[in-house]
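Let me begin by presenting the structure, written as structure tokens, before commenting on it.
The values are calculated or read from the model by the stated rules, or taken from the named source; none is laboratory data. Given the structure is predicted, the values throughout are model-derived calculations rather than measurements. So basically every Cβ, Gly included, is an ideal-geometry build from the backbone, and we count neighbours across all protein chains shown.
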Amino acid sequence: MHRIDCPWCGVRDEAEFSYRGDATVKRPPADGGAEGFYAYVYDRTNPKGWHVEWWHHVAGCRQFLKVVRHTVTHEIRSVAKATDEVAAPPA
Amino acid sequence: MTQTHRLAQGGRIDRSRTLRFTFDGRRYEGHPGDTLASALLASGERLVGRSFKHHRPRGIVTAGPEEPCALVELRSGARREPNTRATVAEIYDGLEATSQNRWPSLAFDVSAINQLVGRFLPAGFYYKTFMWPASFWEKVYEPIIRRAAGLGRAAMAPDPDEYESMHAHCDVLVVGSGAAGLAAARAAGAAGARVIVADQDFELGGGLLLEPEQEPWRQGMLAALSGMPEVRLLPRTTVFGFYEHDVLGAVERVADHLPVPPEHGVRQRVWTIRARQTVLATGSTERPIAFPNNDRPGVMLASAAMTYVRRFGARPGERAVFFANNDIAYDAAFALHHAGVSVAAIIDVRKKDSKRAAAAADRGIAVKLGSVISDVKGGRNVHGVSFRTANGSVERVLDADLLCVSGGWNPAVHLQSHTRARPIWNNDLAAFLPGKPVQAERSAGSAAGVFGIAHCATDGAKAGREAAAALGFRDGAAFELPAPDAEVDPRVKPFWEVKAKGKAFVDLQNDVTADDIRLAHREGYTHIEHAKRYTTHSMATDQGRFSGILGTAVLAEARGETIETVGVPTFRPYVTPVTWGAMAGRHAGHHLQPVRRSPLHPWHVRNHGIFLETGLWMRPLYYSATRETGWDPILKEARAVRQAVGICDVSTLGKIDIQGRDAGILLDRLYTNTFSTLAVGKARYGLMLREDGIMFDDGTTSRLSEHRYLMTTTTAKAAEVLAHMEFYHQTVWPELDVRYCTVTDQWAQMSVAGPKTRLALQGCVEGLDLSNEAFPFMGVCDATVAGCPVRLYRVSFSGEMAYEVATPAGYGERVWEAILAAGRPHGILPYGLEALGLLRIEKGHVAGPELNGQTTARDLGFEKMLKKKGDYVGRVNAERPALVAPDRPRLVGIRAVDPSFEKRLRGGAHIVDRPDSKASLGWATSITRSVELERWLGLAMIRNGPERIGQRLYATYPLKNEVVEIEVCSPHHVDPENLRVRA
């Protein structure tokens, strides 16, 4: 069971969150073109190791959080607000 | 049955009280403190079950949760529970136990004939024996296999008991309450840490329970721990899993030792424990050796035999032979000897190094060094053993009814392995020890390879202190440790298998032999995880705890590699089986899926609504005092709407209140059409796409003021739409100044529809001019009904002139009643979900069957709603070539050519161009009987659909052999010019 330290609510169980995938992809601007939007929806690196991902605190503050999680060990290195810039640590 | 094998004294049972129970209908007696296994042994019972595949007779092998053979059904009727281990089941007065997997009786089992044809059931037989012909699988092979191979029977009736979940936090969780666990808990507790001690046994003490001279220390420790306010002791609690982020799961068998749980009490309780530090004092389990017929009733682990004598005062046999590769097993032999069991010999694999041989000789016990057991005599009961020297030169037979085996000890590393820690091989113990911790845990006592009571206590105390110190607690008061142990030498001579003629089992529960492992190896399953799955080795309830290492050893030899290299299969939760009831806890039935009721629900109930659960919502399908079925009540309600006026509860629609300067901009980016230009007091129908360009949701959104909108969503997608808004606002356009929240539950909303709607509403709406000029189609106005504030939206789903009337939830019934009263002179009828669906299909409005996650806005005829300027979700991807291909199935209407209702259309029917064609042109999405056109009609997705309008095609439904001739038409079966809604 993941324990996620929500910046708004404190440490909460995984059961309160829903996963929303890769937080490193950025939605292209309106003129981003077919390839840009295709990549935004479909291109994923699926890393083995550190990953920055969206977790939605649906049963809490309803904020999307940027969680840096290790996809093998499930270790969570940091939890940031949606607007924070978060770099993925090297895998 | 009398307790023929009960010792006159000794043990932890209460001889002053007698408990009566039955096993396979026969009556037995036991005492408080007994397990079912110990009570059966005390009555001289040896045969307790039949094996999974070969139906071989099986007895009691262990004295703990790793028991592979003594699996029984407990209780009867709705409480019947299969596959419980007799070695951990506490007896109570009236307990009913039944053996499993035998027919017609345990002693005489017909399927035991499998033993004679056992060579036809080799490893992997599921995969290769019964594959052809395929049609035989369901009808012949599977029923035979299911009958022959299997475990107990589940209860067929609903479980009458209650279960619950508990959440706990602690500084230090101690798993296990042996010498190491108690010392760890005491040290951590004394330092001030909040401690939980969990042990699977009903008595705390672990190995201490076998050492009468340690009883004062055990009791002193328990008294001290009980006196610490921040220490919680949980007996009967198995920690079954160690999950990420230091969360552990445990199941407490609260009332399994009682006939039925006390009133308002629970049967079992699952604990979710968030531990800052964990001490794993889980002990170690003795392991067997593979040799021919090592599964006969009467072959048991040496430590188990000692446990039955020392703890339960039961003699597991009269004349014992021991088979060992280590010194510790001698202590078990001495314990049996002391209790009056004749010990015929100790067969020791080792040629030398036995430090206990002299002590055995002192007791008159023969020790055969450098020897191995080569066979076991007897079928349902051991009556002798063969042994020989290691080189096989001399073979002799000994009379015995009990064979006690010790192949060494496996530290219980399972919980640690759940954390992905890699166990480390230890040559002295020939066992895997806990590896480098991954989470905040440490192992102590024999779980860490430390043996001897005093050594374990010292190790445990150190672990407890370190765990507390890691959290910043300083050492607390010191406490007394047990007196130093007599010399304990846990080293073993690694020895796994005696190769001789006959079945030598490496997994007793799943009937896997050493030869099966070698067969798997020959057939290419050389990785331990593959060999495991191919043979089902270590996949039984003990999860390989009893003898998993034997399979590894046999495989390692076959591969010519070390056990360390081959490894054991990964241990995963659960350590022991956990019932579904416990996992579900209170989350069963409507506690799992709560019911949502509209504010008007009580009215629907009083007025004969026939309900359907749609998602979580309870919605009236139609109203019928006589609970009639069929179309009549639905058609009657729909006709009222087409001809007069009807009222329908639409409170379940999702409603989101959106406020802020940028509210219009956010809506423009979420919808394919524009809302920032919408006039205040107007509603607009909008489409939302997913980012991949597929239709997501639709609904009307109204502008209530300059910076405030009210969005409606479909009932089904309400939560998803809110999350969708939050995602885009928070992660893509956080600069937008807008706030929103769901207000679905705050409003009662009703649709009033039909040509006489205005007449009906004029009779109850105050403060509003309802004329078409003052309040045109798509207008939004506030007013009053029966003194209650209402908001009217002039929108229509049915295609008739309609108003949706919304009022704060608490006023719902009052407003509904007022409208009904005002409409009564005009023939108003309430209508339910069925009539609502009928009307929208006639009108050609799309709903769930058309918004099925595959269709685009163009597919549904909405291309004009895709704005040309500005960004919105899904805009770019909706233009992908495959999504704009001209031959995609597109929305059209279909009608049965035959105006009678004889040949019915069905949703899901395929559309073909000839009655016998198998080439589908598309499918019918929504079908209804029409009140407007008096025939079957509906909506369909058909390739090049709009170009086919006017064509005659066929709707085919091969499952029912139905073919109906249809005409393709506009989806708008009713009022295609949209005149009625503007009337």
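Listed values, structure above:
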{"item": "Filtered residues of region A:11-20 (kept if more than 10 Å from every other protein chain (Cβ to nearest Cβ) and not in a loop (DSSP other than H, G, I, E, B))", "result": "A:Arg12, A:Glu16, A:Tyr19"}
{"item": "Evaluation of B:Ile365 against (1) more than 47 Å from the chain's Cα centre (by Cα); (2) buried (at least 21 other Cβ atoms within 10 Å of the Cβ); (3) more than 22 Å from B:Pro490 (Cα to Cα) (one fails), failing number", "result": "(3)"}
{"item": "Top-ranked residue of region A:41-91 - restricted to ones that are assigned to a strand (DSSP E or B) and touching a helix residue (DSSP H, G or I) at 6+ places or on another chain (Cβ under 8 Å), ranked as surrounded by the fewest Cβ atoms within 10 Å (Cβ to Cβ)", "result": "A:Ile76"}
{"item": "Which listed residue is crowded, with 20+ Cβ neighbours inside 10 Å, part of a loop (DSSP other than H, G, I, E, B) and not assigned by TED's automatic domain parsing to the domain that holds B:Thr307, from B:Gly64, B:Gly10", "result": "B:Gly64"}
{"item": "Of residues in region B:890-938 being in contact with a Lys or Arg (Cβ under 7 Å, 6 or more places away or on another chain) and of a type in the set (Phe, Trp, Tyr), the one nearest to B:Thr856 (Cα to Cα)", "result": "B:Trp936"}
{"item": "Verdict on B:Ala187 being buried (at least 20 other Cβ atoms within 10 Å of the Cβ), outside any strand (DSSP E or B) and in contact with a Gly (Cβ under 7 Å, 6 or more places away or on another chain)", "result": "yes"}
{"item": "Matching entry among B:Arg276, B:Arg194, B:Arg186 (being closer than 18 Å to B:Gly476 by Cβ, of a type in the set (Lys, Arg) and within 14 Å of chain A (Cβ to nearest Cβ))", "result": "B:Arg276"}
{"item": "Residue, surrounded by the fewest Cβ atoms within 10 Å (Cβ to Cβ), within region B:712-736, restricted to residues that are within 14 Å of chain A (Cβ to nearest Cβ) and outside any helix (DSSP H, G or I)", "result": "B:Glu735"}
{"item": "Unique residue being in contact with a strand residue (DSSP E or B) (Cβ under 7 Å, 6 or more places away or on another chain) and within 30 Å of B:His414 (Cα to Cα) when the list is B:Tyr623, B:Tyr574", "result": "B:Tyr574"}
{"item": "Lone unmet requirement of (1) of a type in the set (Phe, Trp, Tyr); (2) part of a loop (DSSP other than H, G, I, E, B); (3) facing chain B (nearest Cβ under 10 Å) for A:Trp8", "result": "(3)"}
{"item": "Cβ pairs under 6 Å, 6+ apart, first in region B:547-564 and closer than 15 Å to B:Val498 by Cβ and assigned by TED's automatic domain parsing to the domain that holds B:Ile424, second among the polar types (S, T, N, Q) and surrounded by fewer than 21 Cβ atoms within 10 Å (Cβ to Cβ)", "result": "none"}
{"item": "Residue match in region B:649-671 (condition: at pLDDT 95 or above, of a type in the set (A, V, I, L, M, F, W, C), part of a strand (DSSP E or B) and within 30 Å of A:Asp84 (Cα to Cα))", "result": "yes"}
{"item": "Close pairs from region B:936-956: first in the same structural domain as B:Arg904 (by TED's automatic domain parsing), partner at pLDDT below 95 and among the polar types (S, T, N, Q), Cβ under 8 Å, at least 6 apart", "result": "B:Tyr954/B:Ser917; B:Thr956/B:Ser917"}
{"item": "Positions within region B:874-889 being assigned to a loop (DSSP other than H, G, I, E, B) and over 16 Å from B:Thr855 (Cβ atoms), in sequence order", "result": "B:Arg875, B:Val876"}
{"item": "Residue identified as more than 14 Å from chain A (Cβ to nearest Cβ), crowded, with 17+ Cβ neighbours inside 10 Å and at pLDDT 95 or above among B:Leu939, B:Leu883", "result": "B:Leu939"}
{"item": "Residue that is within 14 Å of chain A (Cβ to nearest Cβ) and not in a loop (DSSP other than H, G, I, E, B), where the choices are B:Tyr740, B:Tyr709", "result": "B:Tyr740"}
{"item": "Hits in region A:40-87 - residues which are within 23 Å of B:Val247 (Cβ to Cβ), within 12 Å of chain B (Cβ to nearest Cβ) and basic (Lys, Arg)", "result": "A:Lys66, A:Arg69"}
{"item": "Within region A:21-39, tally of residues that are surrounded by fewer than 18 Cβ atoms within 10 Å (Cβ to Cβ), within 9 Å of chain B (Cβ to nearest Cβ) and not in a loop (DSSP other than H, G, I, E, B)", "result": "4"}
{"item": "Filter result for the condition that a residue is modelled with pLDDT of 95 or more and among the charged types (D, E, K, R), over B:Glu230, B:Glu263", "result": "B:Glu230"}
{"item": "Candidate set: region B:504-517, residues that are part of a loop (DSSP other than H, G, I, E, B) and touching a Lys or Arg at 6+ places or on another chain (Cβ under 8 Å); chosen: the one modelled with the highest pLDDT", "result": "B:Leu508"}
{"item": "Some residue of region B:887-907 being surrounded by fewer than 19 Cβ atoms within 10 Å (Cβ to Cβ) and on the phi > 0 side of the Ramachandran plot", "result": "no"}
{"item": "Hey, B:Thr700 more than 14 Å from chain A (Cβ to nearest Cβ) and assigned to a strand (DSSP E or B) or not", "result": "yes"}
{"item": "Residue within region B:229-243 that is out of contact with any Phe, Trp or Tyr (no Cβ under 9 Å at 6 or more places or on another chain) and either within 14 Å of chain A (Cβ to nearest Cβ) or farther than 24 Å from B:Gln277 by Cα (or both) present", "result": "yes"}
{"item": "Condition broken by B:Val680, with the remaining ones in (1) buried (at least 22 other Cβ atoms within 10 Å of the Cβ); (2) away from every other protein chain (no Cβ under 14 Å) satisfied", "result": "(1)"}
{"item": "Wholly enclosed strands (runs of 3 or more DSSP E) of region B:894-965 bearing at least 1 residues over 42 Å from the mean Cα position of the chain (by Cα) and of a type in the set (D, E, K, R)", "result": "B:922-929, B:936-943, B:952-957"}
{"item": "Search result, residues across region B:237-285 that are buried (at least 22 other Cβ atoms within 10 Å of the Cβ), under 21 Å from B:Ala86 (Cβ atoms) and either in contact with a His (Cβ under 7 Å, 6 or more places away or on another chain) or among the basic types (Lys, Arg) (or both)", "result": "B:Arg267"}
{"item": "Any hit, region B:462-473, residues being on the phi > 0 side of the Ramachandran plot, of a type outside the set (Phe, Trp, Tyr) and crowded, with 22+ Cβ neighbours inside 10 Å", "result": "no"}
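One line per residue, one yes/no per condition, for (1) out of contact with any His (no Cβ under 9 Å at 6 or more places or on another chain); (2) within 30 Å of B:Gly502 (Cβ to Cβ); (3) modelled with pLDDT of 85 or more:
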position	(1), (2), (3)
B:Glu66	yes, yes, yes
B:Tyr127	yes, yes, no
B:Phe130	yes, yes, no
B:Ser135	yes, no, no
